[in-house]
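Chemist: Input: one structure, supplied below.
The values are calculated or read from the model by the stated rules, or taken from the named source; none is laboratory data. The structure displayed is predicted, hence computed values, not measured ones. We place every Cβ from the backbone using ideal geometry, glycine too, and count neighbours over all the protein chains shown.
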Amino acid sequence: MCASRVLATPPALPSFRSCHPSLGRMLATTALGGFVMLSGMAAQAQVQTAAAPEQAETGDDAYLGTIVINAASEELKQALGASTITAEDIQDYLITNDVAELVKTQPGVNLTGNTPTGQRGNNRQIDLRGMGPENTLILIDGRPALSRNSVRMGRSGERDTRGDSNWVPASAIERIEVIRGPAAARYGSGAAGGVVNIITKAPVERETTATFFTELPESEDEGATYRANVVTSGPITDVLSFRSYLNLNKTEGDDPDINAAATEDGESVAAGSEGVTNVDVSTLLEFRPDAANTWGVELGYSRQGNLYAADALFQSVDTEVSEGTTLADLAGEETNVLQRTTLALTHRGDYDFGKSNSFLQWEHTDNRRLSEGLAGGGEGRINSEEEYNTALLDNVTAKTEWDLYSNAFGINQTFTLGAEYRGEFLDDPTSVTQDLGLDEGEEIDGTTTDPDDRDGTPSAHLIGFYVEDNMMLSDSFMLTPGLRVDYHSEAGVNWSPSLNASWEATPEITVKAGISRAFKAPNLYQLNPDYVYRTRGNGCPVSYPSLGGGCDILGNPDLEHELSWNKEIGIAYRNNDGWNAGLTYFRNDYENKIGASLTPVAVVGDTQVFRWENTPEAIVEGLEGNLRVPLREDLSWSTNATVMLRSENLETGQPLSLVPDYTINSQLDWQYRDNWTFNLAVNHYGRIQSPDTSVTNGGEIENNEDRDPYTLVNLTTTYGFDNGFSLQAGVKNLFNTEIYREGTSNNAGANTYNEPGRSFIVSLSKTF
């Protein structure tokens, strides 16, 4: 039963964050960073003098010692709102390039934008439980990946970004943990929807694997993919080991006219999916002086260059960039390069009294792109073939977490204590260059009138402390109360209490429930009063049409945290024959969501002034279910489903994002021989509701058609040879269900993205 539960596997690295250049920035983290590293040294000294009662001397195998209860971090990974994608799952799926396409097959997961605008419709990111990509925290080995924050946020809340799920090649991943709901509150800002933790392969044994991958679409309008990578690891000495990988990938973009046949005459033709070239290099060194302590240093570099597909917010592919050059003429060229550099120092401890996990990480992002419009109908449109603008983002994260075993008051329990620092430092001089449209002598309070004098280097600091207690109150009942408090230098203090419970009603049936208060701090663009978006008239809110000078939308330094009360309750069944089933109800009450105001805060001359503001309540609720059936010893069937009962902004009545009413992911796994497997996967997506009104101006949407349900089928097989070679082959979208994007911005209703047609995949690996 639960009372004899012993921690058998090391906890996954927790959540953490990052930074760069100036000495002043680095000094901001010296105190906590020093504590992170010194804490490991202190624990190392302590463990050398701490011994279990006479066990070390007698070697008595019968001595059981204190019963160890799993830390809360381990328990939450076994919760109903959690799932794990294994290395075998990754191999069977044959990922094209970005692991997001596999993560989306988990319950409660979709790919979407931050709002239901349809802008940048093919740049879909991971969205957990309908809370939007900005509320999904991406971790790599427990450390945050925040490079997407270097991309300017437009008035609608969208960014022109692919997200942060494509920095690690699939062949270097050991597993992916997806944590949804109340359990994610312990990870702090940005985890209101949940957490996706991409865990890379550890340097356990000497091994080198080289992989060559290609995906060829049947349609000549869609881009092919070619990839080669090497992952190598092993011991250098008895106490020092390494793991390195090199990844080269090229995914071609779609033809600019791919959606022409789906577009009505006279309407703007929306772009297809962009291509991308990847270069990823990483080296990890781990030093283990004894059985209790593991020190690590990891240096990584990634470069993602886009292959432009002629996308813009409001224009068609034939819009002119300059005289004689249209957006379509730039198709296939690199118009944006994102470079991410990381340096991390880590320490893991495993002692008689508990476990620890600490790190200090610097993440530097260089976001270089061709100059784009900042105002009105030209927002987001490339307006130069030669002039590049660069935004630099540095994130510094330091975190230490300790799991301490205890039998206080006769209760077997594990306390978790943690502290975290995040520093964000942005340098984006371009985003503050838009004029205010004011006459001479007119000013707006809090905003610098002359663009040359504005501050394009905003920064913010966040410090958090948290405690959890995983208590085994009886043989069948576990209770985990927790509390996290964060101080944000701009948005102030936030308290995040949580309570999770688990009851084993029978050896096969478990009932779990949880409630937590999650939050997200405002981003640096939203907070900067010198960040200006301008519309010259047509983009003004319909309730406040232009007075002649258009409308300004400005950053707001007085924004508060976005808040969410996350609740879930569910039941799970598991038996020794391999049957597994579960059903979970979740509800998130969303408060203070940040968006561009539709009501002016001031009128200066004939210019109306709007700001980013915290808006009223929203609700997201739904059901998640899963079922696994062992049909035979060599054949299993598994299915999960998500039903979105409600996703609504209570002020406007509109959906929060474009997600299906329901999704069903089902697959058959057949172990035909010991070295030969087959996988058949079916992904069905229900209706996607179109919004009735525009996020940007509140006006009615003329084309508010819903997206009809559709189904995708994939078939893959893997064959392992005796000489270390492995051959994988597959067909994606077996029945060639092609889905087209039908317009730009809200012109497409809910038909805002492409689903590629049938493609053929071959992958060859060799392990030495």
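Chemist: Could you tell me whether region 86-97 includes any residue that is under 30 Å from Gln671 (Cβ atoms), of a type in the set (Gly, Ala, Ser), touching an Asp or Glu at 6+ places or on another chain (Cβ under 7 Å) and surrounded by fewer than 21 Cβ atoms within 10 Å (Cβ to Cβ)?
Modeler: Checked region 86-97: at least one residue is under 30 Å from Gln671 (Cβ atoms), of a type in the set (Gly, Ala, Ser), touching an Asp or Glu at 6+ places or on another chain (Cβ under 7 Å) and surrounded by fewer than 21 Cβ atoms within 10 Å (Cβ to Cβ).
For (1) touching a strand residue (DSSP E or B) at 6+ places or on another chain (Cβ under 6 Å); (2) among the hydrophobic types (A, V, I, L, M, F, W, C); (3) surrounded by 20 or more Cβ atoms within 10 Å (Cβ to Cβ), each residue gets a yes or a no:
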| site | (1), (2), (3) |
| --- | --- |
| Gln315 | no, no, yes |
| Thr325 | no, no, no |
| Glu334 | yes, no, no |
| Asp352 | no, no, no |
| Thr365 | yes, no, yes |
| Gly373 | yes, no, no |
| Glu386 | no, no, no |
| Asn407 | no, no, no |
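Chemist: Could you check how many residues of region 629-671 are assigned to a strand (DSSP E or B) and either touching a strand residue (DSSP E or B) at 6+ places or on another chain (Cβ under 7 Å) or on the phi > 0 side of the Ramachandran plot (or both)?
Modeler: 29
Chemist: Would you mention how many residues in region 330-364 are touching a Ser or Thr at 6+ places or on another chain (Cβ under 6 Å) and either within 29 Å of Gly539 (Cβ to Cβ) or hydrophobic (A, V, I, L, M, F, W, C) (or both)?
Modeler: 2
Chemist: Between a first residue in region 746-764 that is closer than 24 Å to Pro660 by Cα and a second residue that is part of a helix (DSSP H, G or I) and modelled with pLDDT under 95, which pairs have beta carbons less than 8 Å apart while being 6 or more apart in sequence or on different chains?
Modeler: Asn751/Ala262
Chemist: Is at least one residue of region 629-640 in contact (Cβ under 8 Å) with a residue 60 or more places away in the chain and in contact with a Cys (Cβ under 7 Å, 6 or more places away or on another chain)?
Modeler: Looking through region 629-640, none of the residues is in contact (Cβ under 8 Å) with a residue 60 or more places away in the chain and in contact with a Cys (Cβ under 7 Å, 6 or more places away or on another chain).
Chemist: Based on this model, can you work out whether Thr711 counts as in contact with a Pro (Cβ under 9 Å, 6 or more places away or on another chain) and either in a strand (DSSP E or B) or among the β-branched types (Val, Ile, Thr) (or both)?
Modeler: no
Chemist: I've got another one for you. Six or more apart or on different chains, Cβ under 7 Å: which pairs go from a residue in region 415-441 that's at positive phi to one that's of a type in the set (Lys, Arg) and at pLDDT below 95? Could you list them?
Modeler: Listed pairs, sorted by first residue: Gly437/Arg534.
Chemist: Continuing with the same structure: Can you find a residue in region 399-408 that is assigned to a strand (DSSP E or B) and touching an Asp or Glu at 6+ places or on another chain (Cβ under 7 Å)?
Modeler: The answer is yes, given that some residue of region 399-408 is assigned to a strand (DSSP E or B) and touching an Asp or Glu at 6+ places or on another chain (Cβ under 7 Å).
Chemist: Mind checking which residues of region 485-528 are closer than 20 Å to Glu568 by Cα, among the hydrophobic types (A, V, I, L, M, F, W, C) and either in contact with a Leu (Cβ under 9 Å, 6 or more places away or on another chain) or not in a strand (DSSP E or B) (or both)?
Modeler: Trp495, Leu499, Ala501, Ala505, Ala513, Ile515, Ala518, Phe519
Chemist: Considering (1) buried (at least 17 other Cβ atoms within 10 Å of the Cβ); (2) in a strand (DSSP E or B), say which one Ala310 fails and leave the rest.
Modeler: (2)
Chemist: Pick out, from region 142-255, the strands (runs of 3 or more DSSP E) lying fully within it that include 1 or more residues that are within 22 Å of the chain's Cα centre (by Cα) and surrounded by 21 or more Cβ atoms within 10 Å (Cβ to Cβ).
Modeler: It comes to 173-180, 194-200, 240-251.
Chemist: Further, regarding this structure: Is it the case that region 136-154 has a residue that's among the aliphatic types (A, V, I, L, M) and out of contact with any strand residue (DSSP E or B) (no Cβ under 7 Å at 6 or more places or on another chain)?
Modeler: Checking region 136-154: not a single residue is among the aliphatic types (A, V, I, L, M) and out of contact with any strand residue (DSSP E or B) (no Cβ under 7 Å at 6 or more places or on another chain).
Chemist: Filter region 539-592 down to the residues that are aromatic (Phe, Trp, Tyr) and buried (at least 20 other Cβ atoms within 10 Å of the Cβ), then identify the one that is nearest to Pro630 (Cα to Cα).
Modeler: Filtering first and then ranking leaves Phe586.
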